[in-house]
Amino acid sequence: MTSAVISVQGVSKRYGDLDAVDDVSLEVGAGEVYALLGLNGAGKTTLIRMLLGMIRPTTGTLEVAGRPVPDRSVWAEVGYLVETPSAYPDLTVRENLEVARRLRRLPVAGVVEAAVARFGLGQYEGSKARTLSLGNAQRLGLAKAKLHRPRILVLDEPVNGLDPAGVVEVRELLIGLAREDGVTVLLSSHLLSEVARIATRIGILHEGRLIEELDSTTLDANTRTRLEVVSRDLARAAGILRGAGFVLQPEAGDTLVLGGRAVLHPEEVATALVNGGEPPTRLVVVEEDLEAHFMRLVGHHADPTGGTP
Amino acid sequence: MSAAELRAAAGAELIKVRRAVMLWATVISFLVAALVGAFFMFVLQDPARARSLGLLGTKAQLSGGTADWPGYFALVAQMVAVGGMLLFGMILIWLFGREFADGTVKDLLALPTSRAAVVVAKLVVALVWSLLLTAELVAVSLPLGVMLALPGWSTQVLLHGVGVIVATACLTVILTTTYALAASWGRGYLAAVATLFVTAITAQIVSAVGYGAWFPWAVPSLMSGVAGPDQATPGPAGILSVIIVGVLASTATVLWWQRADHDR
């Protein structure tokens, strides 16, 4: 890893008896896309707010671009989006960007126009922010975060509310920024599949603790996928698949679940069922979501009463 | 906090204010206040005429004012003291409370423009806004007074009357910084509105029992003469207490924005 652009050392935040963030240390190098993964309440937003100087840590130190938080001189280099995007509802999209431009003390010429064009907001430029869909409000939030072309981006759930095209757009934007412009990105998400596509490194937060750090390829290897099959006669379909050498996982309900070879070659499953006279009515490869991966990680399958935040 | 930061923050505030319903609500409120003041003078000039026109109930009694220019200026000053505390207070509550209600406060916290500049810009905008409203009230009231042909006009009366009105407005605006603190600390409108009502009601009670000069929020009313001609105007101690409240509330608001945990 290159020298750390973002450094978090032994950071904790305690509210009464609750450890919102508990002794977290991590570093993000230049040009990296680091994703904080965790369930709601895991401490992602608290950590991001501490990194942005909005919350004081109970213990520990945070640095951004080599300067201790909350040294205000660094904020000119940082763009951010925290939780749900917010905008002044009675101002237009353009006016909201103009407010951000003034507060960031950017030149008048071209900055707002470029942001409007970059984030596909031209159609809504004159619309009041209160009329925007969640997706377009998210675009506006990202446009504000990118307005000053920061070299560090801190984004809390950046694809929340975006339609599939928007998700792809943000994904390509972030990957492009990191690879081509060397922008360092720290983002948080609970969407495992999305994070796996974007992040170069991933930190998993649970109950305020950083319980695992891994790079994206390691995550892929650790992520379990399964093939779900539905047919008109499930018992008959199960018999056919067992006969064809597939191993069925013990799952309740009206779906057959297969792993291993079936996931790699779902077409063989389909062929076996069709040839056996029990064609599938539904056949889909499902990547386990964060919760499943996470529960496996912390062993909550064995202790369902263990509770998560 | 540099002048450039303050200019940037004030510019951003002006964009927000320009589009605000609050702006026009306050302009109309002070316009109505001017009309009500003139109406009161019209009735006071000749109660019998007002009764005959149906503008005054047959049993209504008017007291506490004279239908002349000094009385008219005193009435306008009282409107600024009482109505101003509510309206100027609402302006500050809106300027600060909206950032929490709209969830936009987080976009003001990690910027090259300091939080202190953001807070001071809001206070300055509120001050200018409130003084412009006062100017509107005076500007509308003067021609209405001329139309009513009120007696007792002189340059000295004008300067003294307008001076009291402006002084009352300034004292009122200084006190409303308390509501900026309450809106910030309460992270929204509710705590600030509650503070506004508590201080306004307490000021009335304290004034009624004759201790207004010792309670900062009653000082603007005393300055305006709302307590009657037999009540002394607030001395330097009263004015100083208002300034102390303003400095403390403004400083506390800046410190709160700089040091509080912004976790919502």
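What about residue A:42, is it part of a loop (DSSP other than H, G, I, E, B) and either within 18 Å of the chain's Cα centre (by Cα) or at pLDDT 90 or above (or both)? Yes; evaluated as a whole, the condition is true for this residue. When the residues of the stretch A:246-273 are narrowed to those that are among the β-branched types (Val, Ile, Thr) and free of Cβ contacts under 8 Å to residues at least 24 places away in the same chain, which ends up nearest to residue A:226 (Cα to Cα)? Per the criteria, the residue is A:247.
I'd like to verify a number: residues in the stretch A:45-77 that are more than 19 Å from the chain's Cα centre (by Cα) and either under 21 Å from residue A:105 (Cβ atoms) or within 9 Å of another protein chain (Cβ to nearest Cβ) (or both), how many? The qualifying residues number 16. Considering (1) within 17 Å of residue B:111 (Cα to Cα); (2) in a helix (DSSP H, G or I); (3) charged (D, E, K, R), the lone condition that residue A:105 does not fulfil carries the number (2). Checking the stated criteria, residue B:30 turns out not to satisfy the condition of being more than 11 Å from chain A (Cβ to nearest Cβ), without any contact (Cβ under 8 Å) to a residue 60 or more places away in the chain and touching a Leu at 6+ places or on another chain (Cβ under 7 Å). Would you confirm, using the coordinates I've provided, whether residue A:109 is small (Gly, Ala, Ser) and surrounded by fewer than 19 Cβ atoms within 10 Å (Cβ to Cβ)? Yes. All of A:143, A:87 fail the test of being among the small types (Gly, Ala, Ser), within 9 Å of chain B (Cβ to nearest Cβ) and surrounded by 18 or more Cβ atoms within 10 Å (Cβ to Cβ), apart from A:87. If you go through the stretch B:63-122 and pick out every residue that is surrounded by 24 or more Cβ atoms within 10 Å (Cβ to Cβ) and not in a helix (DSSP H, G or I), you end up with 3.
For the stretch A:195-211, residues that are surrounded by fewer than 21 Cβ atoms within 10 Å (Cβ to Cβ) and under 17 Å from residue A:32 (Cβ atoms) total 4.
Residue A:278: in a strand (DSSP E or B), surrounded by 15 or more Cβ atoms within 10 Å (Cβ to Cβ) and at pLDDT 85 or above, yes or no? Spelling it out, it is not the case that residue A:278 is in a strand (DSSP E or B), surrounded by 15 or more Cβ atoms within 10 Å (Cβ to Cβ) and at pLDDT 85 or above. Within the stretch A:119-131, identify whether any single residue is basic (Lys, Arg) and modelled with pLDDT under 90, and answer yes or no. Looking for residues that are basic (Lys, Arg) and modelled with pLDDT under 90, one finds none in the stretch A:119-131, hence no.
The values are calculated or read from the model by the stated rules, or taken from the named source; none is laboratory data. Because the structure is a prediction, the values reported are computed rather than measured. We place every Cβ from the backbone using ideal geometry, glycine too, and count neighbours over all the protein chains shown.
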